[in-house]
Amino acid sequence: MSQSCGALSGNGKATWARIAPMEGRPALHAHRRITGHLTFPLLATTLLASFGSSLLYGYNLAVVNSPAVHIKAFYNATWSRRYGQSLSQELLTVMYSLTVSVFALGGLVGSFPVGMLVARYGRKGTLVRSTLLVFLAGFLMGFSRYLESPEMVMAGRFVMGLHSGICLSVVPMYLGEIAPKTLRGFLGLVPSIFICLGVFSAQVLGLPELLGEDGYWPLFLSLVVIPALLQLLLLHWFPESPRYLLIEKNNIWGATDALRWFLGKDDVRDVLEEMQEEQHSLSSVETISAWQLLRDGSVRWQTLSVVVIHMGMQLSGIDAIWFYTNTIFQHAGIPGPEIPYTTVGTGAIEVLAGLLGCFTIEKLGRRPLIIIGFSFMGFCCASITLALVLQATVPWMRYLSIACVIGIITGFCMGPAGVPFLMTAELFKQSHRPAAYIVGGSLNWLSNFTVGFVFPFLQMSAGAFCYLVFCGVCVLVALYVYIVIPETKNKTFMEINQIFATRHPFLAAPAGAVKMVPLGGYGALENSSLELSGSSQE
């Protein structure tokens with residue numbers, strides 16, 4: 001144990017010495033030996049973290065869809081009792097649009113303190129503490145009708161947004177740090193499956209036979225407390241991220257125990273060596289802020305890539321589809337009684353699409369999934385425009401519009417739903433990762449809020465042609481990923497950083513030059529040619 005785990009210093013903290021290589025084997029770099037298989041603790045942690053966080057995000061994306069008529073009626077009745085007159089149609093639209101989009105506004109606010117929270121409480125600790133927000137939101141929404149307060153509905157949606165804004169960044173960060181590199185893609189897309197399951201659950205529970213009636217919508221909105229309660233009770237017993245324990249807290253003993261628990265083996269020296277290599281590269285750098293990340297030229301392309309894929313994820317129009325599915329189908333000419341069941345059918349297909357992406361990502365890679373996903377979404381957005389324009393003269397076009405909605409959701413769930421968060425974890429080292437999630441998460445939620453609030457007015461003014469805006473966004477994001485972002489499958493965080501440097505050499509120093517990396521960079525001195533030559537010889 002003394003060889004593999006270092007020694008304790010006089011103050012009781014672990015000090016790190018290079019781990020001795022296994023006898024009879026050459027001292028290769030750790031990332032050449034790191035392998036991993038799916039263990040029950042890894043799978044259980046992934047499922048539990050996703051169930052109590054990502055599921056709730058998906059649920060809240062769709063939960064306001066089916067009870068929209070009942071919520072609007074409640075707003076109108078409450079307004080009449082308060083002020084003696086009914087709401088105008090314009091003001092009612094604004095109030096309901098705010099109810100829908102305030103969830104994203106809460107997510108935007110919740111994404112800002114992610115870096116501070118994960119540094120103070122850890123990845124798992126942040127997830128456990130954030131469940132308290134769900135209980136507050138459930139109370140506000142559940143008792144809103146009894147207390148005749150539309151403000152409580154909006155406040156509850158905002159608080160749920162705070163929870164999702166935190167968890168949507170912390171869950172992929174946590175899973176990306178506990179997963180072996182050979183499983184990082186698979187486990188990283190599990191949250192996207194739970195997002196789809198959350199949407200599907202809201203669609204099923206919103207059927208008229210279940211909670212879709214007028215008297216049940218407060219209960220429908222407040223069911224979020226059940227997954228949160230299970231996560232609060234169970235996740236507390238699971239280990240913290242080993243990378244966080246070692247690199248940020250210098251807790252070698254805790255990191256070793258966590259690795260053994262997650263990986264299901266006693267000999268974890270290879271993984272500890274890879275983590276030690278990253279720790280050495282960060283020895284002179286503290287965890288940086290979002291502002292420092294934006295100013296750090298050494299990760300300029302990684303940062304720009306996070307901005308593009310996160311904004312593209314929401315500006316692709318997927319939230320317009322999820323928030324207003326029933327309205328879209330109504331405009332497509334689907335009879336009213338059939339709309340809830342058509343919506344449930346789309347939800348089932350998106351779950352299958354999420355499973356397809358999850359089980360193929362380690363074979364196909366990240367880039368193909370996100371490029372194909374955005375390209376297919378762009379094609380479907382263009383097609384739904386054509387279908388809506390022609391449906392007045394060609395009756396069967398309404399079925400094409402349904403197929404296009406399903407196609408947009410399918411393309412999204414195959415890749416764009418989860419890969420941006422996975423890539424954010426993979427493109428940055430430990431010191432930059434929290435700041436990257438703050439930048440990506442805040443832009444993600446800002447775009448989400450913009451689409452959720454503006455779409456009803458855009459649809460009223462531009463009609464069917466509003467989907468061409470989303471088509472253009474999807475095509476541009478797919479082109480950017482194809483040109484700029486490298487494949488990150490089965491690569492360590494150090495290797496991915498080197499790939500960016502070699503793909504964009506104009507950002508690096510001339511060959512053979514030793515340069516000083518800015519304070520926000522990954523180290524103090526760097527010799528790119530030596531690093532690359534050393535890497536190629538391994």
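The values are calculated or read from the model by the stated rules, or taken from the named source; none is laboratory data. Being a predicted model, the structure only gives us computed values, none of them experimental. Note that we place each Cβ from the backbone using ideal geometry, even for glycine, and neighbour counts take in every protein chain shown. For accessibility, only protein heavy atoms count, side chains too; no ligands or nucleic acids. Shrake-Rupley method; radii C 1.70, N 1.55, O 1.52, S 1.80 Å.
Equivalent-ellipsoid semi-axes (√(5λ), Cα gyration tensor) for the range 60-214, whole Å, largest first? Don't jump to the answer; show the numbers that get you there.
Working: eigenvalues 234, 63, 30 Å².
Gyration-tensor ellipsoid for the range 60-214: 34, 18, 12 Å.
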Cα centroid separation, the range 378-428 to the range 170-201 (Å): 22
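Leaving ligands, DNA and RNA out of it, rank 363, 429 by accessible area with a 1.4 Å probe, largest first. Display every interim value, and only then the final one.
Numbers: 363 170, 429 10 Å².
So, going from the largest accessible area down, we get 363, 429.
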How much net charge surrounds residue 38 when only other residues with a Cβ under 14 Å from its Cβ are counted (Lys, Arg +1; Asp, Glu -1)? +2
What nm value, rounded to one decimal, do you get for the distance between residue 457 and residue 73 when each label is placed 7 Å out toward the C-beta? 2.8
Enter the accessible area of residue 442 (Å², nearest 10), with the probe set to 1.4 Å and all protein chains included. 20
Using only Cα positions of the range 107-151, each an equal point scatterer, no hydration layer, compute I(q)/I(0) via Debye at q = 0.21, 0.26, 0.29 Å⁻¹ and quote the log10 values to two decimals. -0.74, -0.90, -1.00
Report, largest value first, the span of the C-alpha coordinates of the range 332-458 along each principal axis, in whole Å. 57, 36, 25
Taking just the C-alpha trace of the range 173-213, give me its Rg and Dmax in Å. 15.5, 47
Rounded to the nearest 10 Å², what accessible area does residue 413 have for a 1.4 Å probe in the complete protein model? 0
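Could you check how much of the accessible area of the range 47-142 is carbon and sulfur, as a whole percent, using a 1.4 Å probe?
Working: 2340 of 3490 Å².
Roughly 67 percent, rounded to a whole number.
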Could you tell me the calculated FRET efficiency between residue 356 and residue 81, based on Cβ-Cβ distance and R0 = 45 angstrom, to the nearest 0.05? 0.35
Provide the gained length on full extension for the span residue 469 to residue 291, in nm with one decimal, where the gain is 0.36 nm per separating residue minus the Cα-Cα distance. 61.1 nm
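Viscosity 1.306 mPa s, temperature 10 °C: give me the Stokes-Einstein translational D for the range 217-322 in µm²/s, with Rh taken as the Kirkwood radius over C-alpha pairs. Present the calculation step by step, with values, prior to reporting the outcome.
Working: Rh = 18.0 Å.
Value of D from the Cα-based Kirkwood radius: 88 µm²/s.
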Could you give the nm distance between label points at residue 304 and residue 120, where each point is 7 Å from its Cα heading toward the beta carbon? 3.5
Put a dot 7 Å past each Cα toward the Cβ at residue 266 and residue 386; how far apart are the dots in nm? 6.5
Run the 1.4 Å probe and let me know the accessible area of residue 376, rounded to the nearest 10 Å². 90
For 341, 96, 399, write out the residues from largest to smallest accessible area, computed with a 1.4 angstrom probe and no ligands counted. 399, 341, 96
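Arrange the residues 249, 491 by how much accessible surface each exposes, largest first, with a 1.4 angstrom probe.
On the way: 249 105, 491 55 Å².
Solvent-accessible surface, decreasing: 249, 491.
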